[in-house]
Amino acid sequence: MNALVPVRRFSRNALWATFLAVAMLSGTMAATAAPKLTRADLEVVDCLLPGQVRVLGNRTYLTARRPIKTNAADCRIRGGEYVDFDRASMKDALTVWQGAADGGDAEAQNNVGEIYERGMGVEPNYQAAALWYQKAADQGYSRAQFNLGTLYEQGLGVTADKLHALNLYRQSWGLPEDSVMFQSAAREEQDALRAELAKTIDEKDTQLNALKAQIRQLQNQISKQKVAQANAPVASSAEVDALNKQVDSLKKLVESIQSDRDRSNERLVALRTPTMAAASAAALATMKPAEVRKALGVDFGRYYALIIGNQHYQAIENLQTPISDAQRAAKVLKERYGFSVRVLEDANDMAMLNALNDLNGQLKDGDNLLIYYAGHGTRLQTGPREAGYWLPVNADKPPVDTLWVPNEQITAQLARMPARRVLVVADSCYAGLLSTDPSYRFVDAKAGYTLDYVKYKVPKRSRLLLSSGGDEPVLDKAGGGKNSVFADAFLEELETNTTVLSVPELFSRISRRVETVAARNNFVQKPEFKSIKGAGHDMGDFFFVPKS
């Protein structure tokens, strides 16, 4: 619709200007009727206006002619020169705009691109169109950004790249990169592109394996024919030559398919640097200072939470619930327990490590920190030693662990944090590997309900782990809910709780629920509660204190 607005405006101006001109010639507006405009008069043309006569001091000079888009009637009235698109050639149209485009004018560069894309009497030159659109787009000209996006979407003159097209559309529409609308659309497009590339790579691998098997069979036949040459050298030699030609032909085909496969793989690898990374980094604003929580005559300190939900992975299987889990956790912790909350959705390795590192500059002695992680986790065996990891969304498939976040790094961060009490809630496979201490022992099975227990535990330093399962895979989702089995149990207990709640008591409540639901799905899942070895645990606890 935007392209039509100037046409309508110029049409009205042309009608009024024509009417006035005729009136002045006749001496009265009523004496002569305005000439009837034809459709051709109202059609938009590339108009080259005469230069302006300007005076500079005592010198008078004529400026260069100026290109504009207007209707034919308006162009004529203003003394301009134009060509009719129906009869014009590409060369004629370029004459109007090329000089300004070469001079760096973004509008002219876009118009040159449009001329090349239309073809105008010859075949369209999409590569040239893309080149000129790019020049204008680099200057922030929105129309060129949109036009260039359409070429990338269709693969005209450029390699088809729908994700890049989407980004160009975003720029054209003025949406920031961390816009929720763009991030959602980009994630969907990225997932679709990743699936398409993975399918292509699998198909190419199948073709390559089949061709290589054929080559091996032919090479075996060649070896047999060479042995037979002693008896029938002429015949065998001819057969060997024919087989060698087949092998050469198949090898060339293998090279071609391998090249296509490598290009697809390069694009897939490139997707592992997520566009969401910039948004995640931008979202890392410092958490608002939390208020001190007091209850039962005890000062529990300030409460902070870092919540990470990794759901849409680039190289490994997506999960179904982490983002819903993270959003629900943020809501209950903030609204019901007064936490100052930071949420990371689909975070890469740098975003996760930066978030952990940033906490050191904000936390003080006496503070409480809850780290909630929902996403993929795994472990690797190196000799007798086994290491656990949280997987960022840009993680490669096991065993390539370059971008994984090792539990050792998380433990090291926890050890240096000044916060008095830290609880890690890990809803991921093999989460229990974060702690190698024996299971946490209660001072007393009923002590969690007493004020003496609270007063004894609050001053002491704690580094605790509440995990969705032991060193085994855990359920992502069961039934029709939006949350994982573990998250649903954990968060529902917090949502319904009305008293100061210690983590040992919370663990006893949710473990039974998780085991029961898992059993209904023919699955074994046992949550674990441990202290985190090497992080400076000192017999403390972690308490949830409702706001009312």
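Any residue at all in the stretch 325-336 that is out of contact with any Ser or Thr (no Cβ under 8 Å at 6 or more places or on another chain), in contact (Cβ under 8 Å) with a residue 60 or more places away in the chain, surrounded by 19 or more Cβ atoms within 10 Å (Cβ to Cβ) and not hydrophobic (A, V, I, L, M, F, W, C)? Scanning the stretch 325-336 turns up at least one residue that is out of contact with any Ser or Thr (no Cβ under 8 Å at 6 or more places or on another chain), in contact (Cβ under 8 Å) with a residue 60 or more places away in the chain, surrounded by 19 or more Cβ atoms within 10 Å (Cβ to Cβ) and not hydrophobic (A, V, I, L, M, F, W, C).
Determine whether Arg293 is out of contact with any helix residue (DSSP H, G or I) (no Cβ under 6 Å at 6 or more places or on another chain), modelled with pLDDT under 90 and under 16 Å from Leu369 (Cα atoms). Judged against the criteria, Arg293 is a match. Taken together, the criteria exclude Leu197 from residues that are hydrophobic (A, V, I, L, M, F, W, C), surrounded by 14 or more Cβ atoms within 10 Å (Cβ to Cβ), at pLDDT below 90 and within 30 Å of Trp97 (Cα to Cα).
One line per residue, one yes/no per condition, for (1) among the aliphatic types (A, V, I, L, M); (2) over 29 Å from Gln314 (Cβ atoms):
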| position | (1), (2) |
| --- | --- |
| Asn111 | no, yes |
| Arg118 | no, yes |
| Ala128 | yes, yes |
| Thr150 | no, no |
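Scanning the stretch 162-176 for residues that are open to solvent by less than 50 Å² (accessible area, probe 1.4 Å) and touching a residue at least 24 places away in the same chain (Cβ under 8 Å) returns Leu163, Asn167, Leu168, Tyr169, Ser172. Among residues of the stretch 134-151 that are more than 7 Å from Asn110 (Cβ to Cβ), those with a Cβ under 7 angstrom from a residue that is outside any helix (DSSP H, G or I) and at pLDDT below 95, sequence gap 6+ or separate chain, pair up as Leu151/Gly157; Leu151/Val158. Scanning the stretch 116-131 for residues being open to solvent by less than 30 Å² (accessible area, probe 1.4 Å) and in contact with a Gly (Cβ under 6 Å, 6 or more places away or on another chain) gives a total of 2.
For Asp86, the criteria (1) modelled with pLDDT of 85 or more; (2) open to solvent by 30 Å² or more (accessible area, probe 1.4 Å) hold in every case but one, which is (1). Under the condition of being modelled with pLDDT under 80, in a helix (DSSP H, G or I) and closer than 30 Å to Ala315 by Cβ, the residues counted in the stretch 400-455 number 4.
State yes or no: is Ala136 among the aliphatic types (A, V, I, L, M) and modelled with pLDDT of 85 or more? Answer is yes for this residue. Does at least one position in the stretch 178-186 carry a residue that is part of a helix (DSSP H, G or I), at pLDDT below 75 and over 49 Å from the mean Cα position of the chain (by Cα)? Checking the stretch 178-186: not a single residue is part of a helix (DSSP H, G or I), at pLDDT below 75 and over 49 Å from the mean Cα position of the chain (by Cα). Residues that are assigned to a loop (DSSP other than H, G, I, E, B) and in contact with a strand residue (DSSP E or B) (Cβ under 9 Å, 6 or more places away or on another chain) were ranked within the stretch 456-468; the one that is modelled with the lowest pLDDT is Ser468. Within the stretch 491-518, the residues that satisfy the criterion of being under 12 Å from Arg336 (Cβ atoms) and either touching a residue at least 40 places away in the same chain (Cβ under 8 Å) or not in a helix (DSSP H, G or I) (or both) are Leu491, Leu494, Glu495, Asn497, Thr498, Leu501.
The residues listed here are Ala282, Ala213, Ala230, Ala235; of these, the one that is under 23 Å from Ala329 (Cβ atoms) and either at pLDDT below 75 or open to solvent by less than 80 Å² (accessible area, probe 1.4 Å) (or both) is Ala282. Restrict the check to the stretch 323-337 and report whether at least one residue is in contact with a strand residue (DSSP E or B) (Cβ under 9 Å, 6 or more places away or on another chain), within 11 Å of Gly375 (Cα to Cα), in a loop (DSSP other than H, G, I, E, B) and of a type in the set (A, V, I, L, M). Looking through the stretch 323-337, none of the residues is in contact with a strand residue (DSSP E or B) (Cβ under 9 Å, 6 or more places away or on another chain), within 11 Å of Gly375 (Cα to Cα), in a loop (DSSP other than H, G, I, E, B) and of a type in the set (A, V, I, L, M).
The values are calculated or read from the model by the stated rules, or taken from the named source; none is laboratory data. Computed from a predicted model, the values in this text were never measured in an experiment. Cβ atoms come from the backbone with ideal geometry, glycine included; neighbour counts cover every protein chain shown. SASA here: full protein model, heavy atoms, side chains in, ligands and nucleic acids out. Shrake-Rupley method; radii C 1.70, N 1.55, O 1.52, S 1.80 Å.
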